[in-house]
Amino acid sequence: MKKTILSIFVILSLLLQSFAQQTPAPAQKEVISVTGATAHIGDGTVIENAILVFEDGKITALGTDVQPKGTVIDAKGKHLYPGFIAPNKSLGLIEVNAVRASNDQDEIGEIIPHVRSLIAYNAESKVVESMRPNGVLIGQITPQGGRISGTSSIVQFDAWNWEDAAVKVDDGVHLRWPNTFRRGRWWLGEERGYKPNNKYQEEVTQVATFLQGAAAYGKSAAKEMNPAFAAMQGVFDGSQKLYLYADGEREIMDGVMLAKNSGVPQIVLVGGYHAYKITDFLKEHDIPVLVQFTHNLPVFDDEEYDLPYKLPKLLSDAGLLVALQNGEASNFQTRNLPFYAGQVVGQGMEKEKALQLISGNAAKILGIDDLYGTLEVGKSATFFLSEGDALDMRTNQLTHAFIDGRELSLETHQTELWKRYMGKYQGK
């Protein structure tokens, strides 16, 4: 009987192991140098035939006249990039959309800033693991649903648990601004198409009342504990950012002005579909934009067919700080982030500026540019080597990837399936 139980335990352990994420890489133990690569710094500059040296997880030297040390990786003919950053995703909070038990991206309630995404983050998610072969190594894990969805955190994608994964804890609160128009709910018998939202002002008042209450709560000396108000205090003192989800001109302006008048110093616009119409307003109030991903159709029939493709360039050309996010797409599509940036190159943006949309600019907007987003001495050794252009799906073939100096496995369940079925069909 004991032998039978032991056998079952061993079999289950092996099965679970086969379905688990790759074991996180150990800490860097020796100096490593990368030589001969074309280094794309992430701030718009490129260094040909670059030499990068890193030790203890930090970049210690970068240039063309640097002396290689320790183990040398010959990267001649390859391209060196900073790890790409994916803002506004529920990665690690939901594994299979159709399986309710794997969905932890939303909580009950409309105004719940005290819900923290980090403690629900699953570092062993297979979806998270599948980001790495395309160079997406860092993400902002964001709760979904409700008017104020909760508080996000930023993680790196090679960890045992959420504590190990954390890069920046509780970086900001996410406010989904009401819409002035809404779609007709045909399943309830309503007419299809956009209709005015008669409750818009009522919904705005609800947000304004909450912000006023949270601000007053922070100034009060004697107060009963209010978790929702307490979770907002970082937004008012500037230690956290307010991520404002809005697309229309009126919604954007109403949301920014209400937040500013409520005492919120740092606001990031998320979405911003019609932000190109009010760029002067956004520049005046120093509002960066996490713009929607490019592989989209126009929302309205009378809009230019390629508006979603060129929107990041329109905002960048207007002088705004812009990064790409694909919050509305399924989590697995986040691995296509570099190719969304490549789409903007097809709209006339310089390639290195497009690269900034998912590296240096994203790091600045999320407040992690002191360590991530660009290849610079003193910053984290979080980067990857590609056989070719990382923004082109035909040539973005990674050979090496590092997070904080730790070399990652680029094997995933998808690469295993690819090898399996390539072997099957190549044999025919």
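The values are calculated or read from the model by the stated rules, or taken from the named source; none is laboratory data. Since the model is a prediction, treat every value here as computed from it, not as a measurement. Positions of Cβ are generated from backbone atoms using ideal geometry, with glycine treated the same way; all protein chains shown enter the neighbour counts. The area values use the complete protein model at the heavy-atom level, side chains included, leaving out ligands, DNA and RNA. Shrake-Rupley method; radii C 1.70, N 1.55, O 1.52, S 1.80 Å.
Structure notes:
- Sole exception among (1) in contact with a helix residue (DSSP H, G or I) (Cβ under 9 Å, 6 or more places away or on another chain); (2) more than 22 Å from Ser330 (Cα to Cα) for Asn161, by number: (1)
- Residue ID - farthest from the chain's Cα centre (by Cα), chosen from residues in the stretch 360-380 that are assigned to a loop (DSSP other than H, G, I, E, B) and crowded, with 24+ Cβ neighbours inside 10 Å: Leu375
- Arg116 falls short on exactly one of the conditions (1) open to solvent by less than 70 Å² (accessible area, probe 1.4 Å); (2) among the basic types (Lys, Arg); (3) within 30 Å of Glu407 (Cα to Cα), and that condition is (1).
- Residues that are of a type outside the set (A, V, I, L, M, F, W, C), in contact with an Asp or Glu (Cβ under 7 Å, 6 or more places away or on another chain) and buried (at least 20 other Cβ atoms within 10 Å of the Cβ), drawn from the stretch 157-179: Pro178
- Of Val128, Val99, all but one fail to be open to solvent by 30 Å² or more (accessible area, probe 1.4 Å), modelled with pLDDT under 95 and out of contact with any Cys (no Cβ under 7 Å at 6 or more places or on another chain); the exception is Val99.
- Consider the stretch 82-96 and keep the residues that are of a type in the set (Gly, Ala, Ser) and modelled with pLDDT of 95 or more. The one that is farthest from Leu62 (Cα to Cα) is Ala86.
- All conditions in (1) more than 30 Å from Ile287 (Cα to Cα); (2) among the aliphatic types (A, V, I, L, M); (3) assigned to a loop (DSSP other than H, G, I, E, B); (4) in contact (Cβ under 8 Å) with a residue 60 or more places away in the chain hold for Met393, with the sole exception of (4).
- Entry remark, the stretch 382-399: residues being crowded, with 24+ Cβ neighbours inside 10 Å and either within 19 Å of the chain's Cα centre (by Cα) or of a type in the set (Lys, Arg) (or both) number 5 in total.
- Of all residues making up the stretch 131-152, the number that are crowded, with 23+ Cβ neighbours inside 10 Å and either free of Cβ contacts under 8 Å to residues at least 60 places away in the same chain or over 15 Å from the mean Cα position of the chain (by Cα) (or both): 5
- Residues satisfying the stated conditions in the stretch 321-348, i.e. modelled with pLDDT under 95, closer than 19 Å to Leu269 by Cβ and surrounded by fewer than 21 Cβ atoms within 10 Å (Cβ to Cβ): Glu328, Ala329
- So Leu410, is it in a strand (DSSP E or B) and within 30 Å of Asn49 (Cβ to Cβ): no
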